[in-house]
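A.B. asks: Pasting a structure below so you can have a look.
The values are calculated or read from the model by the stated rules, or taken from the named source; none is laboratory data. Just so it is clear, the model here is predicted, and its values are computed rather than measured. Cβ coordinates were reconstructed from backbone atoms using ideal geometry, including for glycine residues, and neighbour counts include every protein chain displayed. Surface areas here come from the heavy atoms of the whole protein model, side chains and all, with no ligands, DNA or RNA. Shrake-Rupley method; radii C 1.70, N 1.55, O 1.52, S 1.80 Å.
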Amino acid sequence: MAMPSSTANWHWKNKNVTPWAKEWFERELVTITVKGDRDAGVVSVSSVTDVEGDVELGQRKSKLITIYDTKISLKWTGTASDGTEVHGSLTIPEVSHEVTLDGLSDYTYNWTLSTTSSPAVDALFKVAKSHLPAALESKFAEFPKAIIDIHGKDLTVSAEPSRSATPAQGASSTSSTSNAFKASTVAMGNSRPMERKDVNLNTTNVTVEANFQASADDLYSLLTDERRIPAWTRAPAKSIPEPGAEYSLFGGGVSGVYVSLTPSKEIVQTWGLKSPTWPAGHTGTLTTTFEQSTDSTKVTFSLNGVPVGMQDEIKRNIEGYYIHGFKSIGLGSEL
């Protein structure tokens, strides 16, 4: 069933703008110059040496959503009060939507001083460390607006785009989802999964339903397209939507194999959780079905093979990681 034209803008569209973003940082950051107090010296960004990561612009329900997570390395230089030319480097490991717009964490600055230390040189280094961050963060705040201003016209919208991108409710959900997976990853790295002493596990089924204001085709793509999955999981993914092909979500937190796929109708896949509480080597079977109506689509997640005693935990995982992940990119839902 085709979605009516009145709901066409509910469909997700995105554009990769990574090459443009690299050029933007290289051009804009070198305009930064800061001056210390009491003739302590002047410091400038001399070059941007590397920009790693991906930058995309998405459109959903007439809102433009910036999706980016980059690592920026640059060189800075200045003249100390005694005339010494001072050089150094700086790396900002995370310049992302979550830091710049959602404020989920603070920027981290990793500094290096290349010039031999002296009182005048150290004073200038202090100027760099105390004054450059504010100037850089001012530029970083301009970045998402620049993405929208330059590339927003390439995506169909019918109203003023959302400058803050992720809706307020979604930002909170994304924060809890992202942080939960980061914490889970740490726990998984330090803990051994529960060993299966009994291959005949007692298992049961967990079912979660939600309605989304999107087409079945759009939702199917968001769940299977490797390029689109990170938009709602905020983590790396691997996915080749073919029977027998392996997939992994949330940076490897969930993995399995596709059993069968019927576009816009059903996805059947084995499902395993990388967690100390999930039995090692055990997989369930997740069947995801789509029932599209006039202006929304009902999605049913049915996971068979859940170890008895884990029902509540798995239900919370599906609601938190999948349902709220979709909500974070503007897909309204009702559980």
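A.B. asks: Output the number of residues of the range 105-138 satisfying the condition of being open to solvent by 60 Å² or more (accessible area, probe 1.4 Å), outside any helix (DSSP H, G or I) and closer than 17 Å to K71 by Cβ.
C.D. replies: 4
A.B. asks: Continuing with the same structure: Of all residues in the range 298-322, which are modelled with pLDDT under 90 and either buried (at least 19 other Cβ atoms within 10 Å of the Cβ) or of a type in the set (V, I, T) (or both)?
C.D. replies: Answer for the range 298-322, where residues must be modelled with pLDDT under 90 and either buried (at least 19 other Cβ atoms within 10 Å of the Cβ) or of a type in the set (V, I, T) (or both): N317, Y321.
A.B. asks: Please find, within the range 289-328, the residue that is nearest to R228 (Cα to Cα) out of those that are free of Cβ contacts under 8 Å to residues at least 40 places away in the same chain and assigned to a loop (DSSP other than H, G, I, E, B).
C.D. replies: Out of the qualifying residues, it is S293.
A.B. asks: Considering the range 85-103 alone, what residues qualify as being surrounded by fewer than 17 Cβ atoms within 10 Å (Cβ to Cβ) and part of a loop (DSSP other than H, G, I, E, B)?
C.D. replies: Result: G103, single match.
A.B. asks: Identify, from the list I72, I65, the residue that is part of a strand (DSSP E or B), closer than 24 Å to H151 by Cα, at pLDDT below 90 and aliphatic (A, V, I, L, M).
C.D. replies: I65
A.B. asks: Out of V17, V55, V42, which single residue is hydrophobic (A, V, I, L, M, F, W, C), modelled with pLDDT under 95, in contact with a strand residue (DSSP E or B) (Cβ under 9 Å, 6 or more places away or on another chain) and open to solvent by 50 Å² or more (accessible area, probe 1.4 Å)?
C.D. replies: Step by step, each of V17, V55, V42 is checked, and only V42 is hydrophobic (A, V, I, L, M, F, W, C), modelled with pLDDT under 95, in contact with a strand residue (DSSP E or B) (Cβ under 9 Å, 6 or more places away or on another chain) and open to solvent by 50 Å² or more (accessible area, probe 1.4 Å).
A.B. asks: Continuing with the same structure: Please determine whether any residue of the range 271-288 is under 29 Å from L57 (Cβ atoms), open to solvent by 30 Å² or more (accessible area, probe 1.4 Å) and not acidic (D, E).
C.D. replies: There is no residue in the range 271-288 that is under 29 Å from L57 (Cβ atoms), open to solvent by 30 Å² or more (accessible area, probe 1.4 Å) and not acidic (D, E).
A.B. asks: Considering the range 100-118 alone, what residues qualify as being out of contact with any helix residue (DSSP H, G or I) (no Cβ under 8 Å at 6 or more places or on another chain) and β-branched (V, I, T)?
C.D. replies: T108, T112, T116 - these are the residues of the range 100-118 that are out of contact with any helix residue (DSSP H, G or I) (no Cβ under 8 Å at 6 or more places or on another chain) and β-branched (V, I, T).
A.B. asks: Can you tell me which residues in the range 218-250 are surrounded by fewer than 18 Cβ atoms within 10 Å (Cβ to Cβ) and either more than 22 Å from the chain's Cα centre (by Cα) or not hydrophobic (A, V, I, L, M, F, W, C) (or both)?
C.D. replies: Selection gives D225, E226, R227, P236, K238, P241, E242, P243, G244, A245, E246.
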